[in-house]
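The values are calculated or read from the model by the stated rules, or taken from the named source; none is laboratory data. Just so it is clear, the structure is predicted and the values come from calculations on it, not from any experiment. Methodologically, a virtual Cβ is constructed for each residue, glycine included, from the backbone with ideal geometry; neighbour enumeration extends over all protein chains shown. Remember, those area values only see protein heavy atoms, side chains included, never the ligands or the DNA or RNA. Shrake-Rupley method; radii C 1.70, N 1.55, O 1.52, S 1.80 Å.
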Amino acid sequence: MPSDAHALALAVARLNRRMRRERRSELTPTQLSVLGAVALLGPATPGAIAAHEQVKPPSVTRILNQLTETGYISRLPDPEDGRQVLVEISAGGHLWLQQERKRRDAWLHEQLQKLHGEERDLLRAAAPVLKRLAEAE
């Protein structure tokens with residue numbers, strides 16, 4: 001019999017895979033995650049984005065270069081340190097991210113409506129706990 005940890009990990013992984021299948025994006029999941037981080041953080045250095053995403057700076061630099069080529073982000077000089085560059089989401093990137101999230105949320109909303117009210121309540125209560133687990137050190 002699987003442990004609670006194993007059962008939860010399996011359920012979360014399967015839901016994540018299913019939600020990714022519902023995407024209709026030219027971006028990889030990693031690119032999408034970085035774009036979301038840029039939107040969340042506002043103008044930020046590549047190092048701050050790498051720390052937020054918990055990846056090494058060279059990896060995030062490569063992804064930021066790809067997102068710059070798509071026009072979803074732009075780079076600007078850091079007004080406080082001319083040696084640094086800040087990255088921010090472009091208007092096109094913001095619009096694209098909104099549309100992507102709207103598609104994902106519509107699919108999930110449809111699935112949630114198929115559940116009993118008690119099941120939806122349980123998931124609503126679990127969401128903050130799952131978020132804390134995802135952000136744990």
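In terms of its C-alpha gyration tensor, segment 2-134 comes out prolate, because a/c is 1.5 or above and the ratio a/b outweighs b/c. When you filter the GluC sites (Glu not before Pro) in segment 78-109 for DSSP loop state and at most 15 other Cβ atoms inside 10 Å of their Cβ, you are left with GLU80. The trypsin sites (Lys or Arg not before Pro) of segment 59-137 meeting both criteria, a DSSP state outside H, G, I, E and B (loop) and at most 15 other C-beta atoms within 10 angstrom of the site's C-beta, are ARG83, LYS114. Helix 29-41: angle to the longest alpha-carbon principal axis of the chain, degrees 0 to 90, nearest 10? Helix 29-41 sits roughly 70 degrees off the main axis of the chain.
Helix-only arithmetic for the chain: the sum of -39500 (n - 2.57) across DSSP H runs with n ≥ 4, divided by the residue total, places the mean residue ellipticity at 222 nm at -23000 deg cm²/dmol. For segment 1-79, applying the loop criterion from DSSP together with a ceiling of 10 other beta carbons within 10 Å to the GluC sites (Glu not before Pro) yields GLU26. With R₀ fixed at 22 Å, the C-beta to C-beta distance from GLN111 to GLU26 puts the FRET efficiency at about 0.35. Measuring with a 1.4 angstrom probe and ignoring ligands and nucleic acids, SER74 comes out at about 40 Å² accessible. Note on GLU88/LEU15: beta-carbon distance plugged into 1/(1 + (r/R0)^6) with R0 of 25 Å gives a FRET efficiency of 0.20. Calculated accessible area for the chain comes out at 71 Å² per residue, all protein chains present (probe 1.4 Å; ligands, DNA, RNA ignored). Give me the accessible area of ASP78, 1.4 Å probe, in Å² rounded to the nearest 10. It works out to around 30 Å².
Rolling a 1.4 Å probe over the protein heavy atoms of the chain, with every protein chain left in place, gives an accessible area that is 57 percent carbon and sulfur.
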